[in-house]
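Peer 1: Got a structure here, written out as structure tokens. Questions coming.
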Amino acid sequence: MSNIKLKIDEQEYSAEQGQTILEVAEDNGIEIPTMCHNGRISQTTSCFVCVVKNKETGQFMPSCSTRVDDGMEIEVESDDVFEMRQSALNLLLSEHIGDCEAPCTIACPAHAQVEEYIREGKNGNFTKALEIIKRKIPLPMSIGRVCPRFCEQDCRRNVVDEGQPVAINDFKRLAADKEFDNYLEDLPELQDSKVAVVGGGPAGISAAYYLRREGIRSDIYEKMPKAGGMLQYGIPKFRLPKHFVDKEIQHFDKMGGVDIFTNQELGKDIQLEQLKKDYDAVVLAVGSWKPGSMYAEGEELADGGIKWLENVARNDFSAENPGKTIVVGGGNTAMDCVRTAVRLGSDEVYCYYRRTEKQMPAEQIEIDEAKEEGVQFKFLSQPTKVRKENGQLIVTFKKMELGEKDASGRRRPIPIEGSEYDVKADTVIAAIGQKTIAPEGSKTNKWGDIEINEENGYMADNVFAAGDCVTGPATVVEAVAAGRNAALGIEAFLRGEEYEKPYEINVSRGHWQSLSKDDLVYLKELTDRKREKLEYIPLEKRKNSFEEITHTFTEEAIAREGERCLECSCTDKHDCKLKDYSEQYLAGPEAITGEKRVYEADTRHPDIIIDRNKCIKCGTCVKVCKEVVNESLLDFRERGFDTNITTAFGEQLPLSCADCGECIKECPVGALDWRNKERAR
């Protein structure tokens, strides 16, 4: 019978003598976080995450071990309690070393679930792989071909096979190529709300796609004859055949709720103020289509890189031979220009860049392929003047040398006095980058890009913005990530709320580059298997046609490539209390810095991994083994800072532990876990 009265956050409750504060809270549906409390074992009182505050004394107490008294007044949800729990979690994280998520997913601007779709692709489950991909990547056929592969740069296979990451992007490409025609998302019913999307490029398409996934209608207004933006008019079809772009846009017909209106230019055919009145919200996704400047006298005689590519695309890639061609610039647009000039019949194509090849922002594979196709590169050369004589263009270049590093971290090119020289050409293309032409009335930053709230894409009134017009020219995957963020911001806006990106903690010991082969924890036997190679069409065909230059991997090749994935995200990432509570209380590993003890993972057991780097020393596993299983296979070793949990006498866990798993079941952080990730779930 209840004989104690107490208050929790000003609300009175009844309790039994001898109950703890945590037990009373649980009996009454009040949530108090705890890492170490477990009803199957005796108290450990080690994590202090379950802390509450005695309102009368101001004392903070662990609720899992503090007994209630009559008349006690407890704070469970106050700011003080929040900060104390945050501090407790920060302390736990200060000694915790591990990856919540795989580095590939963290590196992806869209945070696609890379490990998951690789696993499905490896096993031949391409429909499931596509479903996982499209949660974050709405244009997998296109991005599977043109993405710069941020994920692969941080793939930990690089540690094992130097410079040979898993061919992650090709999993998107194959899954999309195989299943896209038959795929349809599980969609909610359409609401009455409707959004205007200005710009039918990657960011606008992404915004409309994710709005539809939230049940919100949209109209896309595109100034060009066809939707697709840079995918349609900026990336040559030898890299991205246009029927794939068309197919991805036509997918809206199956989804319903999205209409596309082409040849509709903002400020001419449609007006922003009218759209704001006619729609519940507006997304500006107008891109960055103004060519950058060479800052050279007479540069108006040169073609802007992106505009030149657009004109070639508008002529269905059958433009006239540009003759001897000079392209100025070192980015991917410059590579697209030189390689397009080759395919239009030019037998003299030059790329001039003011820095060295090592400093070029273009992807190395693009540079290498351009060289294979006959493009000649001239480095440390800066144009200073363009003039026309006798029907030919003449570009004056000045030689450069590298000085101190600039804000980009690259050594600054410095002109060498008296080093000018002239080069004749039929066509000069300035591929120096692009600028945004911001719509009238929009607030811009010092670079001329639209200013927004980065958390939700909000600009002003009922207007949001996303993509290159906000960031300046970036990649397709960055644009679709921004479009999704704007869509989620609009969905919250229409509900009368303010969307904020959820805080995600990705505890990590640092980039894979700082690791050695022996530092990694392997879930399976390491195979010495090299990266599968893309099959190219013959070089002469590459140089003389706009046919796609590579073939999609076969199912057999993708299965072999999938075996190379190290599956290096935490096995417990879907059920980790430390991750969940750290995100809830905004804790992070950087809050408290200092020396961390690094342990080698115990992988001797064929089914079980013991990773002491993740251990928070709560002692739950030790007590479960002793008090529930009646064994003594785990225990504390050393004292103070060096304290850790290990196996009895340092021996391998018995094989019979694979039939038990009680310690794994109760570990709150995945320091003890199954090798098999399917079993770990």
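Peer 1: Output the relative contact order of the range 287-445, whole-number percent, from Cα pairs under 8 angstrom with separation of 6+ residues. Please report the intermediate quantities before stating the final value.
Peer 2: Values: 338 pairs, mean separation 52.3, N = 159.
Averaging sequence separation for qualifying contacts and normalising by length gives 33 percent for the range 287-445.
Peer 1: Could you go through the range 441-447 in sequence order and give the Karplus-derived ³J(HN,Hα) for each residue, using 6.51 cos²θ - 1.76 cosθ + 1.60 with θ = phi - 60°, rounded to whole Hz, and x for Gly and Pro?
Peer 2: x, 8, 7, 10, 8, 5, 8
Peer 1: Using the Cα centre of the range 292-435 as origin and beta-carbon charges of +1 (Lys, Arg) and -1 (Asp, Glu), tell me which of V349, G329, G374 is placed farthest towards the positive end of the dipole.
Peer 2: Projecting each Cα onto the dipole axis, the largest value belongs to G329.
Peer 1: List the relative contact order of the range 599-680 as a percent without decimals, with contacts defined as Cα pairs under 8 Å and 6+ residues apart. Numbers along the way, then the final one.
Peer 2: On the way: 116 pairs, mean separation 30.5, N = 82.
Relative CO of the range 599-680 lands at 37 percent.
Peer 1: Looking at P361, A107, Y458, which one has the Cα that reaches farthest to the positive end of the dipole of the chain (charges on Cβ: Lys, Arg +1; Asp, Glu -1)?
Peer 2: P361
Peer 1: If you keep only loop residues by DSSP, which trypsin sites (Lys or Arg not before Pro) in the range 253-287 have at most 13 other Cβ atoms within 10 Å of their Cβ?
Peer 2: Numbers: sites: K254, K268, K276, K277; in loops: K268.
Here the sparse-neighbourhood loop sites are K268.
Peer 1: Per DSSP H run of n ≥ 4, the term is -39500 (n - 2.57); total these for the chain, divide by its residue number, and report the mean residue ellipticity at 222 nm rounded to 500 deg cm²/dmol. Before the final figure, lay out each step's value.
Peer 2: Numbers: 24 runs with 198 residues, N = 681.
Calculated at 222 nm, the ellipticity per residue is -8000 deg cm²/dmol.
Peer 1: Roughly speaking, what is the centre-to-centre gap between the range 114-139 and the range 188-250 when only Cα atoms are used, to the nearest Å?
Peer 2: Answer, in whole Å: 21.
Peer 1: Charges at C-beta only: +1 for Lys and Arg, -1 for Asp and Glu. How large is the resulting dipole of the chain about its Cα centre, in Debye rounded to 20?
Peer 2: Numbers: 91 positive and 121 negative charges, 472 e Å.
Dipole about the Cα centre, nearest 20: 2260 debye.
Peer 1: Where in the range 233-322 are there chymotrypsin sites (Phe, Trp or Tyr not before Pro) that are in a DSSP coil and have at most 11 other Cβ atoms within 10 angstrom of their Cβ?
Peer 2: Numbers: sites: Y233, F238, F244, F252, F261, Y279, W289, Y295, W308, F317; in loops: F238, Y279, W289, Y295, F317.
When the chymotrypsin sites (Phe, Trp or Tyr not before Pro) of the range 233-322 are filtered for loop state and at most 11 Cβ neighbours within 10 Å, Y295 remain.
Peer 1: Let me ask something additional. Taking the Cα centre of the range 92-154 as origin, sum charge times position over the Cβ atoms of Lys and Arg (+1) and Asp and Glu (-1), and report the length of that vector in debye to the nearest 20. Before the final figure, lay out the partial values.
Peer 2: Working: 8 positive and 9 negative charges, 92 e Å.
Dipole about the Cα centre, nearest 20: 440 debye.
Peer 1: Using the alpha-carbon centroid of each, what span in Å lies between the range 630-664 and the range 557-576?
Peer 2: 26 Å
Peer 1: Rounded, prolate or oblate for the range 4-77? Axes are the square roots of the Cα gyration tensor eigenvalues, ordered a ≥ b ≥ c, and the cut-off for rounded is a/c under 1.5.
Peer 2: On the way: a/c = 1.70, a/b = 1.37, b/c = 1.24.
Prolate is the answer for the range 4-77, as a/c is 1.5 or above and a/b outweighs b/c.
Peer 1: Among Y585, S632, I610, pick out the residue whose Cα is farthest towards the positive end of the charge dipole of the range 525-681, where Lys and Arg carry +1 and Asp and Glu carry -1 on C-beta, about the Cα centre.
Peer 2: Y585
Peer 1: Okay, next question. Only counting other Cβ atoms within 10 Å, I'd like S582, S78 sorted with the fewest neighbours first. Before the final figure, lay out the partial values.
Peer 2: Values: S582 26, S78 14.
Lowest to highest Cβ neighbour count: S78, S582.
Peer 1: Which loop trypsin sites (Lys or Arg not before Pro) in the range 426-471, with loop taken from DSSP, have no more than 11 other Cβ atoms within 10 angstrom of their Cβ? Mind showing how you got there, number by number?
Peer 2: Working: sites: K435, K443, K446; in loops: K443, K446.
Answer in residue order: K443, K446.
Peer 1: Can you list the residues, at least 5 places off or on another chain, whose amide H is less than 5 Å from the amide H of G304, using H built in the peptide plane?
Peer 2: Excluding prolines and chain starts, which carry no amide H, the hits are A430.
Peer 1: Relative contact order, percent, of the chain when contacts are C-alpha pairs under 8 Å separated by at least 6 residues?
Peer 2: Here the relative contact order equals 16 percent.
Peer 1: Can you give me the Kirkwood hydrodynamic radius for the range 211-257, using every pair of distinct Cα atoms, in Å to one decimal?
Peer 2: On the way: mean 1/r = 0.0841 Å⁻¹.
The Cα-based Kirkwood calculation yields 11.9 Å.
Peer 1: In addition: What is the distance in Å between the Cα centres of the range 257-307 and the range 44-58?
Peer 2: 57 Å
Peer 1: Could you tally the net charge around K623, taking each other residue with its Cβ under 11 Å from the Cβ of K623, Lys/Arg +1 and Asp/Glu -1? Mind showing how you got there, number by number?
Peer 2: On the way: positive: R40, K626; negative: E627, D635, E662, E666.
Neighbour charge sum, excluding K623 itself: -2.
Peer 1: Still on this structure: Rounded to the nearest 20 debye, what is the charge dipole size of the range 21-171 about its Cα centre when +1 sits on each Lys and Arg Cβ and -1 on each Asp and Glu Cβ? Kindly include the intermediate steps, with their values, before the conclusion.
Peer 2: Working: 15 positive and 25 negative charges, 210 e Å.
That gives the range 21-171 a dipole magnitude of about 1000 debye.
Peer 1: Cβ neighbours within 10 Å, averaged per peptide: list 667-675, 177-185, 416-424, 554-562 in order, most packed at the top.
Peer 2: Numbers: 667-675: 24.0, 177-185: 14.6, 416-424: 11.7, 554-562: 17.0.
Result, highest mean Cβ count within 10 Å first: 667-675, 554-562, 177-185, 416-424.
Read the figures in this text as sums done on the coordinates, not as results from a lab. Predicted model, so just to flag it, every value in this text is computed and none were measured. Quick reminder, even Gly has a Cβ in these numbers, built from the backbone with ideal geometry, and neighbours come from all protein chains shown.
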